[in-house]
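One structure below.
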Amino acid sequence: MRILKNILVTGGAGFIGCNFIRFLLEKADGFSGRIINLDVLTYAGNRMSLADIEAKYGSMAQVRYFFEQGDICDRAFVESLFKKYDIDTVVHFAAESHVDRSILGPEAFIKTNVMGTFTSLDVARNAWKDSSSSPEGGSIRQDVLFHHISTDEVYGSLGETGYFTESTPYDPRSPYSASKAGSDHLAMAYSHTYGLPVTLSNCSNNYGPYQFPEKLIPLMILNMLEGKPLPVYGDGKNIRDWLYVEDHNAAVWAVMRNGTTGETYNIGGENEWENIKLVNVLVDIVSAKTKLDTAKIRGAITYVKDRPGHDRRYAIDCSKIKRELGWKQTVSFEEGLARTVDWYLANPQWIESIRSGEYRRWIEKNYGERG
Ligand code: NAD
Ligand code: TYD
């Protein structure tokens, strides 16, 4: 089992990253080290998501949480963090993460997901050169780890049957998934070519607290609460495999501690839902918790023009991580959705903080009233 001490979390102010930091400091077994959260704070990053963590762990006699605002493409800055904090582990969440945005503007995805991942890997490779080896030999310390976070979308789209396994050939079909596929290949190339200790995980759709409301589940919840239309793309029958964010993070932690370097682990919910069925379940949960009129909310479901190149079905075979690392899902979909709706109901301030900023302007420009 690896002992990880000074963990650089990239993108720790985003949805999954902030939940990961919270999980690691408050719940996970076997971590007593420090977390350095490197995030440039795009529209999707929110320092408020960790305000309580920053107050608690940032003011201890032995500080365990640090926030550093900066870009993963900025080599000099990333290098300075490796030195300043003696980084021995990277868990790389930072990314542009939304398919619809990647269709409207792919460039930011190439910059952050491809170039940013390259820069992070390359800084790690240099920082972790084994000082006992000859300069030309350039061997790399093996008591370090770069864990790269990726998505099942790199595998493409499934028909009605079948599952993505770790050996499914890559077949990305959106600028987002293509940029993530590029980053995955770079991570594995750094492992094969330079001997950088890399692990990689490909996960299905996450949901839970702090998710930016451009993604299906929080967008639907907030639109229901605000009496807005509920936009369902195409025929509503596209299928996604949903996993509660804390189960994803527990899997990431299991890979970081015990995963084999040079290998990929698929993580999934084994929980496939057609979009329209999921939206209908959300209507039931939100109306039950708020006493809003069920028929009125359901009546707001609006079929809209399909997403270009919309992948039909994703479904993950996660038997490897279950078998090899003993991970399993712990939160049922019913429980996870109830927790998620409760969280959005209880956190209007967080919602306001993101809606007052760039997000609001972007949504208005691109989607008009639909957002
Ligand atoms: P998110 O969009 O909520 O957060 C991304 C974070 O990265 C933000 O805080 C943002 O400010 C930061 N960031 C973006 N560009 C940066 C840069 N150049 N430098 C530093 N920070 C930068 O995304 P998320 O949903 O939390 O996803 C996190 C990771 O998990 C991504 O790599 C994504 O591809 C992957 N993933 C997401 C899902 C999902 O369902 N959300 C599923 C599987 C994998
Ligand atoms: P999304 O949350 O954007 O995740 P991803 O595209 O990475 O899977 O979308 C999940 C599914 O929901 C996807 O099939 C697209 C669909 N969708 C809608 O029908 N309406 C919406 O407003 C959004 C954001 C997504």
Note: among ILE140, ILE217, just one is among the hydrophobic types (A, V, I, L, M, F, W, C) and in contact (Cβ under 8 Å) with a residue 60 or more places away in the chain, namely ILE217
Between residues in segment 148-173 that are more than 20 Å from TYR207 (Cα to Cα) and polar (S, T, N, Q) and residues that are open to solvent by 70 Å² or more (accessible area, probe 1.4 Å) and in a strand (DSSP E or B), which pairs lie under 9 Å by C-beta distance while being six or more apart or on different chains?
none
I need every pair where a residue in segment 298-323 that is in contact (Cβ under 8 Å) with a residue 24 or more places away in the chain and among the aromatic types (Phe, Trp, Tyr) has its Cβ under 6 Å from the Cβ of a residue that is outside any loop (DSSP other than H, G, I, E, B) and surrounded by 14 or more Cβ atoms within 10 Å (Cβ to Cβ), sequence separation at least 6 or different chains.
TYR303/VAL232; TYR314/ASP152; TYR314/ARG240; TYR314/ASP241
Might you check whether a residue that is within 16 Å of ligand 1 (Cβ to nearest atom) and under 15 Å from the mean Cα position of the chain (by Cα) occurs anywhere in segment 218-227?
yes
In segment 153-164, is there at least one residue being at pLDDT 95 or above, under 21 Å from TYR265 (Cα atoms), aliphatic (A, V, I, L, M) and part of a loop (DSSP other than H, G, I, E, B)?
no
Before we move on, is PRO209 within 15 Å of the chain's Cα centre (by Cα), modelled with pLDDT of 95 or more and away from ligand 2 (no atom under 15 Å from the Cβ)?
yes
Inspect segment 61-73 for any residue being within 12 Å of ligand 1 (Cβ to nearest atom), polar (S, T, N, Q) and more than 17 Å from the chain's Cα centre (by Cα) and give the result as yes or no.
yes
Residues satisfying the stated conditions in segment 328-338, i.e. within 25 Å of TYR265 (Cβ to Cβ) and open to solvent by 40 Å² or more (accessible area, probe 1.4 Å)
LYS328, GLN329, THR330, SER332, GLU335
Report the residue count in segment 278-295 for those that are open to solvent by 10 Å² or more (accessible area, probe 1.4 Å), within 13 Å of ligand 2 (Cβ to nearest atom) and in contact (Cβ under 8 Å) with a residue 24 or more places away in the chain.
0
Screening THR264, THR330 for residues that are within 30 Å of THR193 (Cα to Cα), polar (S, T, N, Q) and in contact (Cβ under 8 Å) with a residue 24 or more places away in the chain leaves only THR264
When the residues of segment 117-164 are filtered to those that are acidic (Asp, Glu) and more than 16 Å from ligand 1 (Cβ to nearest atom), which remaining residue is most open to solvent (accessible area, probe 1.4 Å)?
GLU160
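The values are calculated or read from the model by the stated rules, or taken from the named source; none is laboratory data. All figures in this text were calculated on a predicted structure; none of them were measured in a lab. Cβ coordinates were reconstructed from backbone atoms using ideal geometry, including for glycine residues, and neighbour counts include every protein chain displayed. In case anyone asks, the SASA skips ligands and DNA or RNA and just uses the protein heavy atoms, side chains included. Shrake-Rupley method; radii C 1.70, N 1.55, O 1.52, S 1.80 Å.
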